[in-house]
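What follows is a single structure, written as structure tokens, with notes after it.
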Amino acid sequence: MHSTSGRYVGLLYLAPALAFVSAFTVYPFLQMIWMSLHNWSLISAKKYIGLGNFVKAWNDPQFWTSLGFTFRYTLYITPILMILGFLIALLTATNTPLRKFTRGVVFAPVVIGLGASSLLWYWLFSYDFGLINRSLIDLGIVSKPVLWFGADADVSLWAVIASIVWKVVGFGTILFVAAIQAIPGEINEATMVDGASYWQRVRRITLPLTAKTILLVTLVSAIGSLLAFDQFYIMTAGQPHNQTTTAVLLIYLNSFPYLKLGYGSALSLILAAIILTCTIFQIVLTRRSHG
Amino acid sequence: MSAEREMRMSTGYFASARAMEGDRRGFVERLLDGRAKYLVGAACIALCTVMLLPLLASVLASLKSTAEAAAVPPTYFPHGLSLDSYHRLWNFQAGLLTYLGNSAGAALLTILFCLGLTIPAGYALGRFPVPGKEFFFLVLLLGLIIPYQALLTPLFFLFVQLKLHNSLVGLAIVHTAIQLPFSIYIMRNAFEAVPRELEEAAVIDGCNSWQVLVRVFLPAIVPAIITVSLFAFITSWNEFLAALVIMNKDTSFTLPLILAAARQQTSIGGTDWGMLQAGITISVIPCIAFYLLLQKYYVAGFLNGAVK
């Protein structure tokens, strides 16, 4: 069966998956390029406008606000996630029962839904009903409740960041722990005999030997942040004044409640180009780490 | 496990090296060493507390009575346990069972689609000399390059034409598209790892390729099947944006959608926080349960597929 017919039998087994990707990834992508060149809505007839939608985006202040906010969110949260994730990995990388348990607990929020966790934190941060305001008042840190969402874009941003750090810090931790555990024991022993302190060893051995993992996790995490939606849709709804409307939220608002499918497609294409750049970077790095 | 052994070896080695030096280190240093151990323990316990408190607060809030759940300022611990919130959730709009059914249905279909597509594809990629194999592999991984968030506008249009919007099959198709690259990757690796002798024995016995797949490979790739199913379930059960776009009739909502809607619209006027926490608790339970049961597959999936 592995002689001449094997080649075609193989294609036969591959066909369903290829058909699926063609129908639900490749075809919509081509359709999206086509739609982005039109004034296209479900209600009225479509009209070819060339690059009109892209010009519209260029001149749309909300487009720049959303893009800037999305980058700012990514720029703030990524280093926090990496540093905190790595510190927790250092703390828990040894396989003692308590550390294994801690690792498991830190990873637990990663498996629950982002929607559910956003709703949970929306409640914790609630002005009247939230336990965060209650605890801050009880601890004497603030004298009256803080209005976390809807009033100040920066306060909202940091509240969302706090909730997402809780939700996904375990993702980096688990990959860092694997990388740290893969460091050969002899290397650590050699420097221990040299009398290097713990932090010297981290700087000279652990960090350089896990650098590739750190870089890859940074990219995966940054791509995830550039695509942020659930947390902002649920917790801030883009408020105040659409200042916390992320790129994906802007696409959603244009395409669905407003049904401006042409403009939504153009925005999607711009986002896809940004993500593609990051992904190519990631693939190049992965290739290199294998070779 | 090997790391643990290395660790023990290394501390043993260190101890003997120190013994040879006659332990020149002073009393204070040794005391600090001991204290570091307690500091690490304390840090671990503090970390666990911070990570678990939000979940615990949610579960406790879901058990408060109707009046207590709406109290300002909120109470830390419920004064009495009550299932009022769960009762209200049970009867909320089309009823909890409708939404649980939608979520479970979409998740089940996603698992079936993922396995149905990627088992044969992994078989082909792992065991057949398909012409242009690496090109096809890259095509199947396209979802990694084109994020589904950017494809929802044309997908929505396509689904309206195909009458797949407001249908669980439509939603499961998007969830399958999200999971496909990861699943293909895991399956290909699993098929490639099966020893050639097993396959050859079956071929000599006169099995055709389909029989070889069913009799030889399927039993051998059970761990990959579990990993793919687990991740497909978690993705579909938790996914929010595609569901929001495709399911816009309130009887077709999934659990995350009805909870997000319940944040705004309740009969009492304000948000029914107790009911919301009951909903969060119910949507979190299967994720945590599968995580605890299948932790091994979970971690393996993350390490093998998340970053590659």
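Distance between Cα centroids, the stretch B:41-111 to the stretch A:202-264: provide it in whole Å.
27 Å
If you take every residue apart from A:Ser126 with its C-beta less than 14 Å away from the C-beta of A:Ser126, what net charge results, scoring Lys and Arg +1 and Asp and Glu -1?
With Lys, Arg at +1 and Asp, Glu at -1, the net is 0.
Among the listed pairs A:Lys56/A:Lys260; A:Lys167/B:Lys37; A:Lys46/A:Lys260; B:Lys163/B:Lys249, give every one whose C-alpha distance is greater than 20 Å.
Working: A:Lys56/A:Lys260 12 Å; A:Lys167/B:Lys37 28 Å; A:Lys46/A:Lys260 11 Å; B:Lys163/B:Lys249 13 Å.
Listed pairs above 20 Å: A:Lys167/B:Lys37.
Considering every residue in B:176-182, what mean count of other chain Cβ atoms within 10 Å of its Cβ is obtained? Before the final figure, lay out the partial values.
Numbers: counts 2, 6, 0, 0, 5, 2, 0.
Average neighbour count from other chains, rounded to a whole number: 2.
For A:Leu207 paired with A:Thr96, estimate the spin-label separation in nm (one decimal), with each label point 7 Å from Cα along the Cα-to-Cβ line.
For A:Leu207 paired with A:Thr96, the spin-label model returns 2.5 nm.
Could you pull out every one of the lysines with an alpha carbon less than 22 Å from that of B:Lys133, ignoring same-chain neighbours closer than 8 positions?
Partners found: B:Lys308.
Given the -39500 (n - 2.57) contribution per DSSP H run of 4+ residues, what per-residue ellipticity at 222 nm results for the protein assembly as shown, rounded to the nearest 500 deg cm²/dmol?
Numbers: 30 runs with 423 residues, N = 599.
The helix contribution divided over the protein assembly as shown gives -23000 deg cm²/dmol.
Can you tell me the order of B:152-164, A:55-67 when each peptide is scored by its average per-residue count of other Cβ atoms within 10 angstrom, highest first?
Ranking, from highest mean packing down: B:152-164, A:55-67.
Give me the number: length gained by fully extending A:Asp138 to A:Leu42, i.e. 0.36 nm times residue separation minus the C-alpha to C-alpha distance, one decimal in nm. Kindly include the intermediate steps, with their values, before the conclusion.
Values: separation 96, 0.36 × 96 = 34.56 nm, distance 5.30 nm.
Full extension of this stretch gives 29.3 nm more.
Every read-out reported here was derived from the displayed coordinates using simple, explicitly stated rules and does not represent laboratory data. These numbers come from a predicted model, not from an experiment. When we count neighbours, we look across all protein chains shown, and the Cβ atoms used for this are built from the backbone with ideal geometry, even at glycine.
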